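The structure appears right after this line, and notes come after that.
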Amino acid sequence: MNDRLMKISSPDIDKLAGIEYYTTEFEGIGGTIKKNTEDFHVQEIINDIFLSQISPEQTASNIFPVYEIRKKGIDSSHAILTLRKKTGLDLKIVGIKDAKATTIQYASSSTRKVIKNIDLGKIKLTLVGYSRKPIEKNNLVGNTFEIRIVEPKRDKLDNISQFLYDINNLGNYYGLQRFGSERLVTHLVGKAILERKFDKATEILMTCTTKYDSKFSREIREKLRDIKSNPNLLHEIPPGMDIEKNLAQAILRGKDPISALRTIPINIRRLFVQAFQAYLFNKTLSVAIRDDFSLNIPEENDLCFDVYDDSLIFGKIRKYEKEKPTDSRIHRLPIIRLPGYSFQPGKNRFDKILKEFMKSENMTAKDFFIKEMQELSESGGFRQACFVCKNFKHKKEENSLLVGFSVPKGSYATILLRELIKPANPIESGF
């Protein structure tokens, strides 16, 4: 039998994000995640070097305040906006966390203004100390998760050892959150921007939806198609749709599409093109999984990361070499490149697939340099093909299963969970 026929196909909503297959043949334990925000806990892992240089008091060299943000029921971008309105602090974060979770993450302020502690209910800000430089993305190592899976199939829990056997073979897909979860439009906005169809990008953001979206969202977005004829609709747009409200206000003021898009905070605006990069990555990875590519053992012409066995930090990027590293603790992981204006496809197995998908989308590398909105230009990037997971643990409780693990920055806990649960309907199962 052809091995390709044995691949387990993903639910339809996953396929909209380019996630076309499961990597494992594990049957799945079923169950639901994020039943409550307390059931999904994530904490950032910050580089030890950065943490060791934080001083408790402000000094001549350590001038930048570093904060811990604890939040629940609100995403990182809206938490930062809320804190800015309440405190005047312009905080910089290095990771975006979902609303349907309790999270601990870190932030810096570029000014000397200091707020020691503030409790806004959903958001708590605590001063940690002072650093020599504001926190940067390279200070983030990864994230640690503690997650409760509610109502799993009890008879399947004894089979988790089978899942653990394959845990190092999972594909490192971008999760549904990257694309807007049940709406799944973020990458479509990005594609429209890359095509220089800025009016289409604003239209998608305001009106596009899917059958997985809520009834209210579908209804309000249908009305927004004719916002110019019905400006009173502004009052019907709920607080959770602040991006759409800003766009609608800009359109009613006669702003051009680019100016309207620039009403969106820059950290959110950049996600659109990045989401289209993620979509092409997922499509490339899906073909690799379908065709039984090894995701954790490099082959000729592959690009690879050097990784220490016990670490979440990825080292140098290098071309595949037959000779093993001189340090026995290092192993090499294959890389799939992210498209961008510096992308020049090589001869490796992944680049060939990505090149074909870019061609099918009528995209070239130069399209990722956006002269009209240079702040959204993307040069490209590198991402490991396989999912890296450390310190996986699990504990059976009455009517639930607790799992814990750590992953490198940029990887999604939900990608491991979808393989473990195998949800028939990801949205109903909390994804």
The relative contact order of the range 271-384, taking Cα pairs under 8 Å that sit 6 or more residues apart, comes to a percentage of 30 percent
Given 37 °C, 0.692 mPa s and a Kirkwood radius over Cα pairs, the Stokes-Einstein diffusion coefficient of the range 1-134 in µm²/s is 187 µm²/s
Computed over the range 198-269, the relative contact order (Cα-Cα under 8 Å, seq sep at least six) in percent reads 31 percent
Taking Cα pairs closer than 8 Å and at least 6 residues apart, the relative contact order of the chain in percent is 21 percent
Select from the chain the helices, each a whole stretch of DSSP H, whose alpha-carbon atoms run 18 Å or more along the helix axis and whose Kyte-Doolittle mean is at least 0.0; answer none if there are none.
271-290
Per 5 angstrom bin, beginning at 0 and ending with the bin that holds the maximum distance, the Cα pairs of the range 198-317 fall in percents of 2, 9, 14, 15, 14, 10, 6, 8, 9, 7, 4, 1, 0
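Taking the Kirkwood radius as the inverse of the mean 1/r across Cα pairs, report the Rg/Rh of the range 92-142.
Rounded to two decimals, Rg/Rh equals 0.96.
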Any aspartates and glutamates whose Cα falls less than 16 Å from that of residue 86, other than same-chain ones fewer than 8 residues away, would be 119
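Divide by every residue of the chain the summed helix terms, -39500 (n - 2.57) for each DSSP H run of at least 4, and state the resulting mean residue ellipticity at 222 nm, rounded to the nearest 500 deg cm²/dmol.
Helix-only estimate at 222 nm: -7500 deg cm²/dmol.
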In the range 271-384, what is the volume of the convex hull around the alpha carbon atoms, normalised per residue and reported in Å³?
111 Å³
Structure shown: which of 71/156; 122/191; 35/395 lie over 27 Å apart, alpha-carbon to alpha-carbon?
71/156; 122/191
Value of Rg/Rh across the range 192-269 [Cα atoms, Kirkwood radius]
0.94
Rh_Kirkwood(the chain) over Cα pairs, Å, one decimal, evaluates to 23.2 Å
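Values in this text are rule-based calculations from the coordinates and carry no lab data. Keep in mind the model is a prediction, meaning the values are calculated, not measured.
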